[in-house]
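Below is one structure; the comments refer to it alone.
What follows is calculated from the coordinates using simple rules that are stated; it is not laboratory data. Please read these numbers as outputs of a predicted model, since none were measured by experiment. All Cβ positions, even for glycine, are placed from backbone atoms using ideal geometry, and neighbour counts span all protein chains on display.
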Amino acid sequence: MHFLGFIWNPADTLFKIGFLQIKYYNLLWIIAFALGWFIMKRIFLNEKKTVQELDSLFIYTVIATMLGARLGHVIFYDWPYYSNHLLEILLPIRERAGSSLFGLINGYEFTGFT
């Protein structure tokens, strides 16, 4: 039954341009939101709504989806770690002894947004 195995952590980087890495997961988020915007634009135009209403709805949808995905990951997959590191839930920092955040705050390091 080895052929039924599933690789949970495949190579995640699609390609690199200098320091910029394009990952599969990021690309799928972009495609999903772009397709969603075009589909909703068509629905809004058929309903005689303005594109400005769609834009505000789209911004709220993107923010709520990203916050929900992050909180879902924290609560359901890694709560034992984040219960002791609450500041790391929404900020791109990690608590690490011997580091400093931008040379100002000791004990934290910037981990980036990817």
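Restricting attention to segment 17-35 and to residues that are of a type in the set (A, V, I, L, M) and assigned to a strand (DSSP E or B), the residue that is nearest to Gly68 (Cα to Cα) turns out to be Ile22.
I'd like the full set of residues that are surrounded by 12 or more Cβ atoms within 10 Å (Cβ to Cβ) and under 15 Å from Trp29 (Cα atoms), limited to segment 67-87.
The answer is Arg70, and nothing else.
Condition first: closer than 30 Å to Leu90 by Cα and either touching a residue at least 12 places away in the same chain (Cβ under 8 Å) or surrounded by 14 or more Cβ atoms within 10 Å (Cβ to Cβ) (or both). Now tell me which residues in segment 36-54 satisfy that. Gly36, Trp37, Met40, Leu54, listed by residue number.
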